[in-house]
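The values are calculated or read from the model by the stated rules, or taken from the named source; none is laboratory data. Since the model is a prediction, treat every value here as computed from it, not as a measurement. Cβ: placed from backbone, ideal geometry, glycine included. Neighbour counts: every protein chain shown. Accessible surface areas use protein heavy atoms only, side chains included; no ligands, DNA or RNA. Shrake-Rupley method; radii C 1.70, N 1.55, O 1.52, S 1.80 Å.
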Amino acid sequence: MYSVPSTKKEQVRKSNRNWNALLEKYRVLLIFLVLCIAAGFLSDAFFTMNNIMNVFRQVSIIAIIGSGMTLVILIAGIDLSVGAVMAFSGAILAGILTAGFPLSVALLGALAVGLLFGVFNGFVVARFGVPSFIVTLATMVIARGMTLVYTKGYPLVVSNELYRYIGNGKFFGVPIPIIIMFAVFGFMYWMLKYTSFGRYIYAIGGNEETAILAGINVKSIKVAVFGIAGLLSALSAVIYTSRLMSAQPTAGSGIELDAIAAVIIGGTSLTGGKGGVIGTLIGALIMGVLDNVLNLMNVSPFYQSIAKGLVILVAVLVDSKFARIKK
């Protein structure tokens, strides 16, 4: 006669597990939607088309770098050099253009610089077993110093009108940076979900020793992952330099922290093996919406930094809560 209460309790527990699983899967999207609704109440200008496009355009650079950072964090690594690599890639691009070379050469040169830095990071991490935090910290200092040496501390102005279109042009009314951002995320989503390379990334982040025993070439995957992160940093430099039509020696300062924040807010675990680029895109948009609505309300940048830090802290606490629930 005690079976009915027991069955009801089991149903309640099952319902709670299903609800927690659903909430865990869509919590980032839910936070984003709630933030947008609140932003609409706080400012009448938020839901205007120009403002929405501005939010997407502003987050495009952080989001693109964040997509590469997602791969690095998925293998339980970190890349602190992305901002400095972005600055040096932009400086090289501007230098090649001002020297009179075609735009195609300048673009290839900038992307090659980012790729080489990323591959170097991955090689040192994989070959010598040095923690990625240390390796990329050193690379950050090196790349930043090389940028200052190359530019002599002054901006390099670019005058190529075709290049201006990349950062400032529109295609059917949609800014080019937004199109590039969605193209990158579409490719990255496909790669992680439908290719063996993507499955290897999750396997390495989940348990590196098991991945090695399964026959996965862990060292090659790590080099490739860091290479992609460096390449996407250079792509962001292409967009950023085009928007300003100049290469700033201080470009990308602190952007690595924003990229890491977008990844964490998006639900990717710092311990690796869990997360994805869609969450990172939503995480970047959350940060963009937060910055945008605070700007519309004329809130001091100092308070904006505090608000951004609190959002990151809440995201980490929520991730920790759900990790305990799963256990």
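Under the condition of being assigned to a helix (DSSP H, G or I) and open to solvent by 60 Å² or more (accessible area, probe 1.4 Å), which residue from the stretch 210-219 is farthest from ILE178 (Cα to Cα)?
This residue is LEU213.
Give me the pairs: first residue in the stretch 240-254 and at negative phi, second residue open to solvent by 50 Å² or more (accessible area, probe 1.4 Å) and in a helix (DSSP H, G or I), beta-carbon distance under 8 Å, and six or more apart or on different chains, which are they?
SER242/ARG164; SER242/TYR165; SER242/ASN168; ARG243/ASN168; PRO249/LEU148; ALA251/TYR240
Take LEU71 and tell me if it is of a type outside the set (Asp, Glu), assigned to a helix (DSSP H, G or I) and modelled with pLDDT of 90 or more. Talk me through it step by step, then tell me what you get.
On the way: of a type outside the set (Asp, Glu): yes; assigned to a helix (DSSP H, G or I): yes; modelled with pLDDT of 90 or more: yes.
Considered against the rule, which asks whether it is of a type outside the set (Asp, Glu), assigned to a helix (DSSP H, G or I) and modelled with pLDDT of 90 or more, LEU71 comes out as yes.
Counting only residues that are free of Cβ contacts under 8 Å to residues at least 12 places away in the same chain and of a type in the set (Val, Ile, Thr), how many does the stretch 45-74 have?
2
Just checking, does the stretch 289-297 include any residue being touching a helix residue (DSSP H, G or I) at 6+ places or on another chain (Cβ under 9 Å), assigned to a loop (DSSP other than H, G, I, E, B) and crowded, with 20+ Cβ neighbours inside 10 Å?
No, the stretch 289-297 contains no residue that is touching a helix residue (DSSP H, G or I) at 6+ places or on another chain (Cβ under 9 Å), assigned to a loop (DSSP other than H, G, I, E, B) and crowded, with 20+ Cβ neighbours inside 10 Å.
Would you call GLY153 more than 25 Å from ALA76 (Cα to Cα) and outside any helix (DSSP H, G or I)?
Working: more than 25 Å from ALA76 (Cα to Cα): yes; outside any helix (DSSP H, G or I): yes.
Yes.
Please find, among ALA224, ALA262, ALA237, the residue that is under 13 Å from the mean Cα position of the chain (by Cα) and part of a helix (DSSP H, G or I).
Of the residues listed, the single one that is under 13 Å from the mean Cα position of the chain (by Cα) and part of a helix (DSSP H, G or I) is ALA262.
For the stretch 95-115, what are the residues that are more than 15 Å from GLY83 (Cα to Cα) and not in a loop (DSSP other than H, G, I, E, B)?
Correct list: GLY95, ILE96, LEU97, THR98, LEU103, SER104, VAL105, ALA106, LEU107, LEU108, GLY109, ALA112.
Across the stretch 256-288, which residue is modelled with the lowest pLDDT among those that are surrounded by fewer than 20 Cβ atoms within 10 Å (Cβ to Cβ) and under 26 Å from ALA143 (Cβ atoms)?
Step by step, filter the stretch 256-288, then rank; the result is LEU270.
Taking the stretch 1-59 as the region of interest, how many residues are at pLDDT 90 or above, open to solvent by 90 Å² or more (accessible area, probe 1.4 Å), closer than 17 Å to MET297 by Cα and assigned to a helix (DSSP H, G or I)?
3
Scan the stretch 189-209 for residues that are under 18 Å from LEU281 (Cβ atoms) and open to solvent by less than 60 Å² (accessible area, probe 1.4 Å) and jot them down.
Answer for the stretch 189-209, where residues must be under 18 Å from LEU281 (Cβ atoms) and open to solvent by less than 60 Å² (accessible area, probe 1.4 Å): MET191, LEU192, GLY198, ILE201.
What do you reckon, is MET140 without any contact (Cβ under 8 Å) to a residue 60 or more places away in the chain, assigned to a helix (DSSP H, G or I), farther than 19 Å from SER220 by Cα and open to solvent by 40 Å² or more (accessible area, probe 1.4 Å)?
No, not satisfied.
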